[in-house]
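Accompanying notes for the structure given below.
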Amino acid sequence: MIKIQNYINGQLAPALSGGWLDNYEPGTGQVYSHIPDSDASDVQAAVDAAEAAFPTWSSCGVNERYRILHRIADLIEERLEVFAQAESRDSGKAITTARSVDIPRAQANIRFFATAILHFGAESHHMEGQAVNYTLRQPIGTVGCISPWNLPLYLFTWKIAPALATGNCVVAKPSEMTPMTAFLLAQTCIEAGLPAGVLNIVHGLGPKAGQAIVEHPKTKAISFTGGTATGRTLARTAAPMFKKLSLELGGKNPNVIFADCNFEEAVSTTVRSSFANNGQICLCGSRIYVERKIYDKFKDELVRRTKALKTGNPADPENDLGALVSEQHRAKVMGYLDIAKQEGGTILCGGEIIKPSAELSGGYYLTPAVIEGLPNDCRTNQEEIFGPVVTIQPFDTEEEALALANGTQYGLACTLWTQDISRATRMAERLQAGIVWVNCWMLRDLRTPFGGVKNSGVGREGGTEALRFFTEVKNVCVSY
Ligand code: TXE
C-alpha cells in the first residue's frame, strides 16, 4: 500500500499527527494508497519552511529560477508515462487523456512561467523636469495554492509555477481525492535541486489542512480552484485578513451552434467539449443550444457519436472515458439525471452504470448522457453537474441564443459555432463569460487571461495576469 508523504522543508514526511486517510482507485473502487491526514501543525511547519526559504529564493534572480523550473519540467517530461499512469489510476481518467492532456500541460505550465518571468517588465512614468516614477513588482512572500481533483497536476502546476517563478515560496495542497502526482512532483523537485522550503506540499482534507493554509496569517495570497461553495468559504476566511485571492470556480458553459456552422467540426468538437474527462472540466460545455434549422440533424448526430464513446478501464487506451472520480461524485451526477427526468427531460442516451469486468465491478463508471426537453431555468440547466451529462435545446434568433447562454449564475466559458464573423464578434461582446471560443474549444494560449465572471470566480490566471497576481506593486517616485 503506497503511503504518500507531505513535502515540507525539502523532506518527505507523514503528518505530524501520524494520521492517514484512504485514497481510492476510481477504476476499481478499492483503497490503493494512503495520504497524510495533515492539520494546522503540518501547515505551520510548511509556512515556517517557506518563510525561512523566502529571502534566498526571492533574491536568487530570474535566471536561477528559470534554470531550476526548467529542470523540474525536464524531469516530468522524461517521466511522462510514470506521471500519466499515476494520474489515470488516481483520478479514474482515461490513460489517453492523462498522456495527451494532463501531464504534457503540467510540464508546459512550468516551462511557460519559467520563461515568462524573464520577460516580466514593469512601467515607469516620467514627470518631465521633475521626477521619474518606476513600478516595482516584487514577490509577496509565502502564498497558498489549493487545487481540485479534476485535472490534478495540470491545475496544481498552473498555480505553483507562476508563484515560484515570481520568487514566492509556496504552501500547496492538492485535492485529497487525487494526491498521487503531487507526491511524484515532490520527489521530482527534490531531484531537481529545488531548495528546501521553496515549495511545500501538505496533503489532507479541505476543511482541515486547506482551511489552515487559508487562515494562516503568513499566507499573503491564496490561489484556489474548486467549487463555488468552497470559494465562498475561502473568501469568508481570507477577506477580513486582506489576502489577495484568485478564485477559479464552477461553470455551466453554453455551446451556441448556428445553422451556418461547419457541421462536422461543430459536432465532433461538441462531443469532445461535452464529455472530455467525463465532463469533469470546468470549461466543458454542458448546455447545447442549436439553431432550429439544424436541431434534429445535429441532435441525432451528437447522440449517435455519444453512444459510440467507449467507457471502461481507464488503463485501456482503447477507451475514450474512464471512471468518475468518486462514488460520491457519481451519485451526485446520477442524482441530476433523476432531477432531469422529474423536470420533464428525456434522456436520449447514456446515464447508465456499467461494470467493465469482474475486477472493475467496484469502479465508478457512468455512460455519457444527452438530455432534451428541459426549460432553461430548471435545476439541470442551472446547476453545475460536472459529469458526463449535457442538455440540448433549439433556438430561433441570436437574441434568444444570447439570453439562453447568459441565463445562469455562472460565466466561465462559451463556445460559438458560426461562419458569420460579424455575428460571432457581436455575440462575443455580449456574452457573460471570461472566455469565448469561436469555432473551436479548449484551444489554449497560456499568455491569455483565464477565468470567469459571476459565480465562476474572481480574478484571472494565465500569462501576465498570474505574474501580477503573485507580485505586489510598488511605485517609486524619484525627484531630480
Ligand atoms: O471541490 P472543492 P471538489 C466543482 C464541481 C465539483 C465541486 C466540488 O462542481 O463537483 O466543485 O468539487 C479544498 N478551505 N469543481 O470537491 O471541495 C479541497 O481539499 C480550504 C469545479 O473538488 O472545492 C480541494 O483541494 N480548502 C472546479 C480543493 O479545495 C478547501 C474543479 C477543491 O475542493 C476547503 C473541481 C476549505 N474550507 C470542482 N474545502 C473547476 N473550476 O475546475 C475544500 N478545500
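The values are calculated or read from the model by the stated rules, or taken from the named source; none is laboratory data. Since the structure is predicted, the reported quantities are computational estimates derived from the model, not experimental observations. All Cβ positions, even for glycine, are placed from backbone atoms using ideal geometry, and neighbour counts span all protein chains on display. Just the protein is used for accessible areas: all its heavy atoms, side chains included, with ligands, DNA and RNA removed. Shrake-Rupley method; radii C 1.70, N 1.55, O 1.52, S 1.80 Å.
The set of residues in region 282-293 that are open to solvent by less than 20 Å² (accessible area, probe 1.4 Å) and either in contact with a Phe, Trp or Tyr (Cβ under 6 Å, 6 or more places away or on another chain) or away from the ligand (no atom under 16 Å from the Cβ) (or both) comprises I288, Y289, V290. Taking the listed residues T306, T270, the one that is assigned by TED's automatic domain parsing to the domain that holds L366 and in contact with a Cys (Cβ under 7 Å, 6 or more places away or on another chain) is T306, with no other qualifying.
The strands (runs of 3 or more DSSP E) located wholly in region 1-89 that include 2 or more residues which are modelled with pLDDT of 95 or more and of a type in the set (A, V, I, L, M) occupy 11-13, 30-36.
Would you check if there is a residue in region 41-60 being open to solvent by 30 Å² or more (accessible area, probe 1.4 Å), over 27 Å from I4 (Cβ atoms) and not polar (S, T, N, Q)?
yes
Residues that are under 17 Å from S286 (Cα atoms), surrounded by 15 or more Cβ atoms within 10 Å (Cβ to Cβ), within 16 Å of the ligand (Cβ to nearest atom) and modelled with pLDDT of 95 or more: does region 346-367 have at least one? Yes, region 346-367 contains at least one residue that is under 17 Å from S286 (Cα atoms), surrounded by 15 or more Cβ atoms within 10 Å (Cβ to Cβ), within 16 Å of the ligand (Cβ to nearest atom) and modelled with pLDDT of 95 or more.
State yes or no: is I140 within 15 Å of the ligand (Cβ to nearest atom), in contact with a strand residue (DSSP E or B) (Cβ under 7 Å, 6 or more places away or on another chain), open to solvent by 10 Å² or more (accessible area, probe 1.4 Å) and in the same structural domain as T228 (by TED's automatic domain parsing)? No; evaluated as a whole, the condition is false for this residue. Flag not set for L164, criterion: open to solvent by 10 Å² or more (accessible area, probe 1.4 Å) and either near the ligand (Cβ under 10 Å from one of its atoms) or not small (G, A, S) (or both).
A209 meets the conditions (1) more than 10 Å from the ligand (Cβ to nearest atom); (2) open to solvent by less than 10 Å² (accessible area, probe 1.4 Å) in every case but one. The failed one is (1).
Residues being open to solvent by 50 Å² or more (accessible area, probe 1.4 Å), in a helix (DSSP H, G or I) and either touching a residue at least 24 places away in the same chain (Cβ under 8 Å) or among the small types (G, A, S) (or both) are represented in region 393-405 by at least one member.
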